[in-house]
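Only one structure is covered here, and it is reproduced in the block below.
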Amino acid sequence: MSKNIIVTGGAGYIGSHTVVELVKFGFNPIIIDNFSNSSSSAIENIEKICKKKIDFFDLNCIDKLKMNNSINWKKIDGIIHFAALKSVSESFEKKEKYFTNNIESTKILLNICEVYNIKKFVFSSSCTVYGNPNNLPVTEKTELKKPSSPYGETKKICEEMIKTSQIKNFIILRYFNPIGAHESALIGEHPLNIPNNLVPLICECAIGKREKLTIYGNDYPTRDGTCIRDYIHVCDVAQAHVYAFKKMNTKTTRKIFNIGLSKGISVLELINLFEKNNNIKINYEFGKRREGDIEEIFANCSLAEKELNWSPKKTIQKALIDAWRWEQKKLN
Ligand code: UFG
């Protein structure tokens with residue numbers, strides 16, 4: 001049974017929730033993070049939730065020498081690779097930085113797996129690899145179109161590298177839109193710069209940090225003119241990683257899984273749900289479309305349900321309540 005799992009980006013949004021789930025299910029996660037878009041207080045808060053000390057290394061995954069020398073890799077059973085630059089808009093301006101960082105780190109980790117005979121690898125991918133899909137919902141067999149951003153391209157290239165690598169077991173998880181926070185409100189989404197994603201921005205409006213939300217486009221060919229996404233509670237996304245390891249512990253697996261709630265929700269519907277469930281009004285206006293946005297995407301996750309034995313347990317309503325609780329509690 002795999003116990004010692006390296007979690008790169010373990011202080012980040014999905015990473016920190018995954019570390020909590022790994023501990024809950026008896027694994028020993030070890031975090032690597034350079035805190036470029038996270039804070040070390042996340043680790044203290046993970047420890048509070050888990051009531052356990054968590055080992056961590058302050059390392060940049062593209063520093064090959066330090067990565068090789070700082071960790072006793074012979075004791076590591078598996079790796080979950082979250083660490084990546086993830087701002088879609090920034091990736092247009094700093095394409096090279098995104099390519100170097102996201103691709104190089106994956107290359108270095110795959111090499112470490114080979115050198116130290118680490119047999120299990122989970123990769124944090126995104127539904128962005130489907131580009132603008134022709135048919136919905138998307139399954140893992142849906143044709144991959146050109147991703148709409150350089151960020152998306154890096155994910156697609158990394159997936160390809162993993163598929164053609166020598167690694168014995170890998171699971172690539174294509175997340176849809178993770179939202180919400182741990183119900184303790186000790187960890188959640190905490191970007192160091194201005195948030196790009198919808199729910200943190202809604203929360204900033206709700207708390208008064210931002211005057212109003214701009215909805216990017218209301219002229220899409222959807223039921224209310226706003227874009228449709230598949231939002232899923234981050235704790236459900238985190239649990240998928242545990243199920244991925246459980247699967248690889250029992251059977252050699254080299255597979256890709258969609259991780260979403262399998263429901264398409266529009267921007268306006270999400271705002272309405274936030275208002276209703278948290279009893280607070282959001283001030284918004286309609287603005288121009290955002291470059292790179294696709295009109296509609298949601299998942300079919302029956303493969304993960306069947307083969308990983310994973311299914312989401314939490315509703316969007318719960319995710320929005322947890323997101324708001326986190327916004328009110330987090331230290332800024
Ligand atoms: N949106 C607004 N106003 C905002 C922010 C977002 O209207 O201020 C809209 C977007 O146009 C989009 C929806 O809210 O329709 C969701 O936007 P997010 O930025 O939260 O999420 P995206 O679906 O655009 O991006 C997410 C991840 C990416 C990933 C992508 C895959 O953040 O990492 O899904 O499709 F690449």
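Quick notes on this one:
- So Glu189, is it touching a Cys at 6+ places or on another chain (Cβ under 8 Å), of a type in the set (Asp, Glu) and in a loop (DSSP other than H, G, I, E, B): no
- Pairing each residue of the range 182-193 that is open to solvent by less than 20 Å² (accessible area, probe 1.4 Å) with any residue that is in a loop (DSSP other than H, G, I, E, B), provided the two are 6+ apart or on different chains, yields C-beta distances under 6 Å for Gly188/Ala181.
- Taking the range 60-107 as the range and being away from the ligand (no atom under 16 Å from the Cβ), of a type in the set (A, V, I, L, M) and either closer than 20 Å to Val237 by Cβ or surrounded by fewer than 18 Cβ atoms within 10 Å (Cβ to Cβ) (or both) as the test, the residues that pass are Leu65, Ile79, Ile80.
- Residue that is most open to solvent (accessible area, probe 1.4 Å) [pool: residues in the range 252-263 that are away from the ligand (no atom under 11 Å from the Cβ) and not in a strand (DSSP E or B)]: Lys263
- From the options Ile294, Ile280, residue that is closer than 26 Å to Lys212 by Cβ, outside any helix (DSSP H, G or I) and more than 11 Å from the ligand (Cβ to nearest atom): Ile280
- Being without any contact (Cβ under 8 Å) to a residue 24 or more places away in the chain and touching a strand residue (DSSP E or B) at 6+ places or on another chain (Cβ under 9 Å) is not true of Lys318.
- Any hit, the range 43-57, residues being aromatic (Phe, Trp, Tyr) and open to solvent by less than 30 Å² (accessible area, probe 1.4 Å): no
- Residue match in the range 166-186 (condition: more than 9 Å from the ligand (Cβ to nearest atom), under 24 Å from Arg290 (Cβ atoms) and more than 18 Å from the chain's Cα centre (by Cα)): no
- Matching option when the condition is within 21 Å of Val199 (Cα to Cα) and open to solvent by less than 10 Å² (accessible area, probe 1.4 Å), among Leu308, Leu320: Leu320
- Selection from the range 192-212 of residues that are acidic (Asp, Glu) and part of a helix (DSSP H, G or I): Glu204
- For the range 111-160, filtering for residues that are among the basic types (Lys, Arg), modelled with pLDDT under 95 and away from the ligand (no atom under 15 Å from the Cβ) leaves 0.
- Residue match in the range 299-309 (condition: assigned to a loop (DSSP other than H, G, I, E, B), at pLDDT 95 or above and within 16 Å of the ligand (Cβ to nearest atom)): yes
- Remark: pairs (first residue in the range 196-209, more than 7 Å from the ligand (Cβ to nearest atom); second residue charged (D, E, K, R) and open to solvent by 60 Å² or more (accessible area, probe 1.4 Å); Cβ separation under 7 Å; 6+ apart in sequence or on different chains) = Glu204/Arg210; Cys205/Lys212.
The values are calculated or read from the model by the stated rules, or taken from the named source; none is laboratory data. As the structure is a computational prediction, the values presented were derived from the model and not from experiment. We place every Cβ from the backbone using ideal geometry, glycine too, and count neighbours over all the protein chains shown. Ligands, DNA and RNA are excluded from the accessible area calculation, which covers all protein heavy atoms including side chains. Shrake-Rupley method; radii C 1.70, N 1.55, O 1.52, S 1.80 Å.
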